[in-house]
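Taking it in order: structure first as structure tokens, then the write-up.
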Amino acid sequence: MLFDTHVHLNADQYEEDLLEVIERARKEKVMNMVVVGFDRKTIKRAMELVEQYEFIYAAVGWHPVDAIDMTEEDLAWIEELASHKKVVAIGEMGLDYHWDKSPKEIQKEVFRKQIQLAKRVRLPIIIHNRDATADVVEILREEEAKEVGGIMHCFTGSLEVAKECMEMNFYISFGGPVTFKNAKKPKEVVKEIPMEMLLIETDCPYLTPHPYRGKRNEPSYVRLVADQIAELRGMTLEEVAEKTTANAKKLFGI
């Protein structure tokens, strides 16, 4: 039983064949997934999917790249949706210094507001971090995000950063990059962190694992992530699947 903790089945890339994609995931024993909404369009679609499929849950939040577009109404809407029984997290949120659509100060403000919202509604948070590690960790600490904890999504940082995040109640989640031949750092971190704090994901349709790198990603490929972790840790696929699924269910209250 595998649990993909971060999918974007609400993306346009699945418009033509969503049903087949979901069927392939079920065949590979992906029994649960969290669809992440990060702007008006994708949040709305995520909420439609949780109504359609019993095994799909949602996270709702605002992506840092689009922070400049978020209004107070959007924030209030996210808070309202948080009471839905199948909304299990707030996010993805965080900082992204790779793209320059939203100024850093606006990203930080939107990030802080969402952490505060998550604390009000008592839900864990999903963190997007790209080229902004020091600021992400600082804000999590300042806003006392430890109260709700959450996930460092698609983690590619150092062991030191992973330890800091785990101290703040954040699970470390690995996706496709851990399977890349040149991904030294994620492979090292996977070996070292406690199994109790480890999660798996695809972030599909992005970050497709080896050997499908460069093609569209999908939830069935989360098995390849679990396989790689099993190999690195000297465990069986079943052990990794069982532990990461239990971790996800505990975090999301499922």
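Just so it is clear, none of the values below were taken in a lab; they were calculated from the coordinates. Keep in mind that what you see is a predicted model, and the values were worked out from it rather than measured. Counting neighbours? That spans all protein chains shown, and the Cβs are built from the backbone with ideal geometry, glycine included.
Rounded to the nearest 500 deg cm²/dmol, what is the calculated helix-only ellipticity per residue at 222 nm for the chain, with -39500 (n - 2.57) per DSSP H run of length n ≥ 4?
-13000 deg cm²/dmol
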Per its Cα gyration tensor (rounded if a/c is under 1.5, else prolate when a/b beats b/c, else oblate), segment 134-198 is best filed as prolate
Going down the table (108/184; 191/243; 187/215; 27/243; 41/184), which pairs top 24 Å between alpha carbons? 108/184; 41/184
Looks like segment 127-249, by Cα gyration tensor root eigenvalues a ≥ b ≥ c and the a/c under 1.5 rounded cutoff (else prolate when a/b is bigger than b/c, oblate otherwise), is prolate
Reduced to Cα centres, the span from segment 177-238 to segment 97-134 in Å works out to 25
Take every Cα pair under 8 Å in segment 39-169 that's 6+ residues apart, average their separations, divide by the length, and report that relative contact order as a whole percent. 22
Rounded to the nearest 20 debye, what is the charge dipole size of segment 116-246 about its Cα centre when +1 sits on each Lys and Arg Cβ and -1 on each Asp and Glu Cβ? 440
Collect residues whose amide H, placed 1.01 Å from N in the peptide plane, falls under 5 Å from the amide H of residue 199; neighbours closer than 5 in sequence don't count. 172, 173, 174
Taking the beta-carbon count within 10 Å as an exposure proxy, list 71, 179 from fewest neighbours to most. 71, 179
Rank 95, 140, 19 by mean-square fluctuation in a GNM of the chain with C-alpha springs under 10 angstrom and give only the top-ranked residue. 19
Hits for the chain under the membrane-span-like helix rule (DSSP H, Cα axial span at least 15 Å, Kyte-Doolittle mean at least 0.0) are 222-233
Taking neighbour counts of Cβ atoms within 10 Å as a proxy for exposure, in what order, fewest first, do 192, 48 appear? 192, 48
